[in-house]
Every structure is written in structure tokens, then in C-alpha cells.
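Okay, structure first, notes after.
The values are calculated or read from the model by the stated rules, or taken from the named source; none is laboratory data. These figures come from a predicted structure and were not determined experimentally. A quick note on method: Cβ atoms are made from the backbone with ideal geometry, for glycine too, and the neighbour counts reach across all protein chains shown. For accessibility, only protein heavy atoms count, side chains too; no ligands or nucleic acids. Shrake-Rupley method; radii C 1.70, N 1.55, O 1.52, S 1.80 Å.
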Amino acid sequence: ASPRPEVLEAEARTRGALLALQRTCTSLGAELVIVPIPSHSAIDPGFRSTVFEPRYLTGMTPAEWSPDRPVDFFLGCARELGLASIDTRDALRSAARSGADLYYRVDFHLNAGGNLAFAKALKSALDGLEAFSAGTQVRHVVSEPPRLAAPPTPRPRWPYFLGVLWVVLGTAFSSLYRDEKP
């Protein structure tokens, strides 16, 4: 099944954000590595069928939704942009098959054991990429993070004071002049 229009729009915006992130990393002399975190349903098919699908995917068939799609999307974007990427699904599935409890039972977030398994898979993959080899030289040190967007402007406070004043005066007027016509 083809994705809904809002999904296609979200994917297009995500591609744009990754492209902007890639440009920023390049300008800083940093290498960007994409590492999507797989959901609980992508690692544990039992969670998908007994918890996730009945709760969140009512009215959809299993063929209409894949828990691997988000990870595949990010890995595909990484390939399109020529970025290094790491897929931790095999390592997490292996850890789950060996009995490790990786996710919280009530949602799709990694628990402490899952974070440890994810970190081990990430370290192993980064070692394979030689991202932190013994002879690695730091080319550029950033004293503060780059500014990616202007900070939001503070909201004015006068509307709150006006609202409180209106409620206080309106309540006082209503209680003092109950017999008056509105």
C-alpha cells in the first residue's frame, strides 16, 4: 500500500532536515553517521501482534504497516546522501533471542538492558568504520554548538494581566450589581 499524504510530507521534511544536518556537519568538519533506533515491534514480533497492533493499528492490516519502515527510511536517506549508517536491528534481535529484556513492556522505548545492547552494537559498528581509531586526530573543536534556528521570541505578558484583570473586575461587578440588567 502506498503511504498516506501526511507520511509522504513528513518523509520529505525529514530528508530536508537530514540534508541540512549533513551540510552543518560538513561545515564543522564532523562526520555524520545515521543510526536509527528500531522500535520494540521491529525487534519483538510478539509485542507487535499482542500489544502494538491491537492498541494503535486498529482498522489496518499487518501488510499496511511495517515496524521496519522507519529504520529502512533513514537508512535509505543515508544511502541517497552518501552518509555512513549503522543498522542495529540484527544485533538487537540476537540479544532478544538470547533472552535479554530490551524494551519497556508498556511502550516502545529501550530500557537499561536495551540501551546497553544498543551501545554495544553501536560501538562494534563504529569500530568497524574505524571512526575512533588510535591515530584519529581532532581536526576542529567547536566551543559552542552551531545555531541552527533563531530562538523563539518571548510572549508578551500583558494579555495575561488583562485577562486576570477582566476576570477580577467582571466577577466584582457581577457580585456587586446582581439586580442590574446585564
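What to note about this one:
- Considering residues of segment 21-36 that are open to solvent by 30 Å² or more (accessible area, probe 1.4 Å), at pLDDT 90 or above and in contact with a strand residue (DSSP E or B) (Cβ under 8 Å, 6 or more places away or on another chain) only, the residue nearest to E53 (Cα to Cα): V35
- On the stretch given as segment 1-53, residues that are without any contact (Cβ under 8 Å) to a residue 24 or more places away in the chain, farther than 26 Å from A91 by Cα and touching a helix residue (DSSP H, G or I) at 6+ places or on another chain (Cβ under 8 Å) total 1.
- Of residues in segment 37-62 being over 22 Å from G76 (Cβ atoms) and of a type in the set (D, E, K, R), the one surrounded by the fewest Cβ atoms within 10 Å (Cβ to Cβ): R55
- So A149, is it at pLDDT below 85, within 18 Å of V33 (Cβ to Cβ) and either under 19 Å from the mean Cα position of the chain (by Cα) or surrounded by 10 or more Cβ atoms within 10 Å (Cβ to Cβ) (or both): no
- 2 or more residues farther than 18 Å from L122 by Cβ and at pLDDT below 80: qualifying helices (runs of 4 or more DSSP H) within segment 37-86: 53-56
- Given (1) over 18 Å from D127 (Cβ atoms); (2) touching a residue at least 40 places away in the same chain (Cβ under 8 Å); (3) part of a loop (DSSP other than H, G, I, E, B), number of the condition A100 does not satisfy: (2)
- All positions within segment 75-125 that are within 25 Å of L21 (Cβ to Cβ) and open to solvent by 60 Å² or more (accessible area, probe 1.4 Å): R79, E80, G82, D87, F108, H109, N115, K123, S124
- Subset tally (residues that are exposed (fewer than 10 other Cβ atoms within 10 Å of the Cβ) and modelled with pLDDT of 65 or more) for segment 129-145: 1
- R89 of a type outside the set (A, V, I, L, M, F, W, C), touching a residue at least 12 places away in the same chain (Cβ under 8 Å) and touching a Ser or Thr at 6+ places or on another chain (Cβ under 6 Å): no
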